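The values are calculated or read from the model by the stated rules, or taken from the named source; none is laboratory data. Values in this document were obtained by computation on a predicted structure and should not be read as measured data. Virtual Cβ from ideal backbone geometry, glycine too; neighbours counted across all protein chains shown.
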Amino acid sequence: MGLLGKANAKSDSVPAEDSVDIRAFSIDIQALIDRFHLKNHLFHCVLLRPENGDRKGFMEIAGMAGTYGIECSCLPNGNCLMLLPGTLDIELFSHRFAKSSGSTIISQFSADSSSLAYKKIVVINGE
């Protein structure tokens, strides 16, 4: 089974929306980016908007993402932030996760600085 097949198979095991505490995913975004940057000097950021602001879409994205070393967090306005290691193909993964979860890609970019990535995310996300 290829990488994308594994991602799809993993999405079938995502718990129901009401069985997971969404607040557990709403962590300090700056700290998340800082920790991720320590492990991945070059990394990619993808901002997704789940269909109709649906939290279930976020849960599907988070369930698929963990398999590949991708960190995922729900932003305060309901958008989803994915942090991908620089070794992954940003176009392939962002398109596949967006399509699989019914989300829209808001932005995607590469970064080698956690502070600049955070500032860009704040501007794009409108916080």
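Look through the range 57-67, keep the residues that are touching a strand residue (DSSP E or B) at 6+ places or on another chain (Cβ under 8 Å) and crowded, with 16+ Cβ neighbours inside 10 Å, and return whichever of them is modelled with the lowest pLDDT. Outline the logic, then answer.
Restricting attention to the range 57-67, the residues satisfying the condition of being touching a strand residue (DSSP E or B) at 6+ places or on another chain (Cβ under 8 Å) are 57-58, 61-62, 65-66.
Still in the running and crowded, with 16+ Cβ neighbours inside 10 Å: 57-58, 61-62, 65.
Details: 57: 64, 58: 69, 61: 70, 62: 75, 65: 77.
Of everything passing the filter in the range 57-67, 57 is modelled with the lowest pLDDT.
Table: residues versus (1) part of a helix (DSSP H, G or I); (2) out of contact with any strand residue (DSSP E or B) (no Cβ under 6 Å at 6 or more places or on another chain); (3) at pLDDT below 70; (4) surrounded by 13 or more Cβ atoms within 10 Å (Cβ to Cβ).
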position: 18; (1), (2), (3), (4): yes, yes, yes, no
position: 24; (1), (2), (3), (4): yes, yes, yes, no
position: 31; (1), (2), (3), (4): yes, yes, no, no
position: 35; (1), (2), (3), (4): yes, yes, no, yes
position: 44; (1), (2), (3), (4): no, no, no, yes
position: 47; (1), (2), (3), (4): no, no, no, yes
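Checking the conditions here, which among 54, 112 is charged (D, E, K, R), modelled with pLDDT under 80 and more than 14 Å from the chain's Cα centre (by Cα)?
Working: 112 fails: modelled with pLDDT under 80.
Going through 54, 112 in turn, just one is charged (D, E, K, R), modelled with pLDDT under 80 and more than 14 Å from the chain's Cα centre (by Cα): 54.
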What pairs come out if I take residues in the range 114-127 that are surrounded by fewer than 16 Cβ atoms within 10 Å (Cβ to Cβ) and pair them with residues that are part of a helix (DSSP H, G or I) whose C-beta lies under 8 Å away, six or more apart or interchain? none
Of everything in the range 96-113, what is surrounded by 15 or more Cβ atoms within 10 Å (Cβ to Cβ) and assigned to a helix (DSSP H, G or I)? Give them in sequence order. 96, 97, 98, 100, 101
Counting only residues that are hydrophobic (A, V, I, L, M, F, W, C) and at pLDDT below 90, the range 94-109 contains a total of 2
How many residues of the range 74-91 are surrounded by fewer than 16 Cβ atoms within 10 Å (Cβ to Cβ) and modelled with pLDDT of 90 or more? The answer is 4
